[in-house]
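So the structure is just underneath, and the comments pick up after that.
The values are calculated or read from the model by the stated rules, or taken from the named source; none is laboratory data. Please read all numbers here as calculations on a predicted model, not as lab measurements. Positions of Cβ are generated from backbone atoms using ideal geometry, with glycine treated the same way; all protein chains shown enter the neighbour counts.
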Amino acid sequence: MSESQGDDRPVVDGTRATPEELRAEVERLSDERRQEVEELREDIGASVHELAERLDVPARARKRLSTVPPAAWGGAAAAAAALAGLIVLLKTRRSAPKRRRPRRRR
C-alpha cells in the first residue's frame, strides 16, 4: 500500500515529495528569489543614482566652480573684460565707413 501512496506524489528533482514538502520548498525558493530581487533593485537604484549625478551637468559645474579660489575669479574677470574690449574694437573698425582712394587717370 505504501507503493500506491508514492505513486500519487509529484516528482520534484527526481524524488517524490509530499504536498507539505512542496509548499516548504516553494516558500524557501520564494524567499530566496525575493531576496535576489531586492538586491537587484538596490543595485539598479545605485546605478541610476550614479548616472543621474554624472548627467547633471549644471550641478557638476556648480560643484567645480565652488572649488575655484577667489583669486582666480579676478584673473578670469580681467580676461573676460579684455576679450569683450577686443570684440568691441573689431566690430567698430569693421563697421566704420571705408575711405576710397581716388583712381588715377592714365
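Does VAL11 satisfy the condition of being at pLDDT below 80 and of a type in the set (A, V, I, L, M)?
Values: at pLDDT below 80: yes; of a type in the set (A, V, I, L, M): yes.
Spelling it out, VAL11 is indeed at pLDDT below 80 and of a type in the set (A, V, I, L, M).
Among the listed residues ALA77, ALA17, which satisfies the condition of being touching a Lys or Arg at 6+ places or on another chain (Cβ under 8 Å) and either surrounded by fewer than 10 Cβ atoms within 10 Å (Cβ to Cβ) or among the aliphatic types (A, V, I, L, M) (or both)?
ALA17
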